[in-house]
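Asker: Could you have a look at this structure, given as structure tokens, before my questions?
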Amino acid sequence: MSISRTVTGGLLLCRAEPLAVRRPAHLLRVRLLLAPAGEWSVLVPEDKPWRDGPETVAEVLSGWGSALAIGTDWPVLGLWWQDGRTGFALSSGFRRTAAYGWDAAGRPAGEPDAMRALSARLGLDPVLDLAELERLTRADADPAVDGEGRLLALVALLTRAGLALPAGLAPGEPADRLRAAARVAPDVETVEWSGWPDAVRAELDAVEGGPLGPWVRGPRARMLGAAQVAAGAPLLAWAAHRRSPGWAAAGAVLLAQGAAALAYDRARARR
């Protein structure tokens, strides 16, 4: 069965355990459900922010993925479906986002090197897995496979990379059904925005407890922190004006990380 042209939804897949995902996820400033998904974690939005703003679900998921991936060493894969179309956006640190999509008939629409980037950044087999990924970009490979089928094929291939989605969390499901399935997933937890003091404190704890904590100080650290604050604050204001949850998340992450870096450097200097 193909995805209904009225069904919209999305998932965020993080190649990390929930403990590592929880801290950056709360900076997205939206209520999310976080659950283990094999060697990955899955995030399901409680609300539908794409209904109230000018951005499509693809743009919202891409923005969230970019925000989550900033300052981490694990990639984030956003899967989306809307009006019969499907696709993904892969974010990894400060690298350029790799995106690809299909229309309702399964015809490809995306960047030619997106599948190669996906394979390389997820550590998939550069021969067998990449060949299967590239087959999904050929409209003549199997004309009977629609957009949903190609996205499901991608998810099936990711099981080789340790992905195991909880029951009921599959591309093509309506957002309400995804949320209901996520609420009963094993070890699920709710992640939500708790305000700037807690956000900066969480970033500070992450720096202090990380392997590079004692060395994150000095002129370079202050310069980076100031640059993050200088970039994050106007980006957050611009995103609020444009009603863009994706860019708002990226601005929040930059602002929190910059403030934490400056606070940590100052605290270490007093010791």
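Asker: Restricting the search to the range 175-198, which residues are more than 18 Å from the chain's Cα centre (by Cα) and at pLDDT below 90?
Answerer: Hits for the range 175-198 are S194, G195, W196, P197, D198.
Asker: Looking at (1) touching a strand residue (DSSP E or B) at 6+ places or on another chain (Cβ under 9 Å); (2) open to solvent by 20 Å² or more (accessible area, probe 1.4 Å); (3) modelled with pLDDT under 95; (4) not aromatic (F, W, Y), which is the one condition that is false for A202?
Answerer: Checking A202 against (1) touching a strand residue (DSSP E or B) at 6+ places or on another chain (Cβ under 9 Å); (2) open to solvent by 20 Å² or more (accessible area, probe 1.4 Å); (3) modelled with pLDDT under 95; (4) not aromatic (F, W, Y), the one that fails is (1).
Asker: Follow-up question, since we're still on this one. Of everything in the range 112-150 that's open to solvent by less than 60 Å² (accessible area, probe 1.4 Å) and free of Cβ contacts under 8 Å to residues at least 24 places away in the same chain, which residue is nearest to T8 (Cα to Cα)?
Answerer: M115
Asker: Right, another one. So if I check each of F88, F94, which one is hydrophobic (A, V, I, L, M, F, W, C), under 14 Å from the mean Cα position of the chain (by Cα) and modelled with pLDDT of 95 or more?
Answerer: Result of the check over F88, F94: F88.
The values are calculated or read from the model by the stated rules, or taken from the named source; none is laboratory data. Source: prediction; values computed, not measured. Backbone-built Cβ (ideal geometry, glycine too); neighbour counts: all protein chains shown. Surface areas here come from the heavy atoms of the whole protein model, side chains and all, with no ligands, DNA or RNA. Shrake-Rupley method; radii C 1.70, N 1.55, O 1.52, S 1.80 Å.
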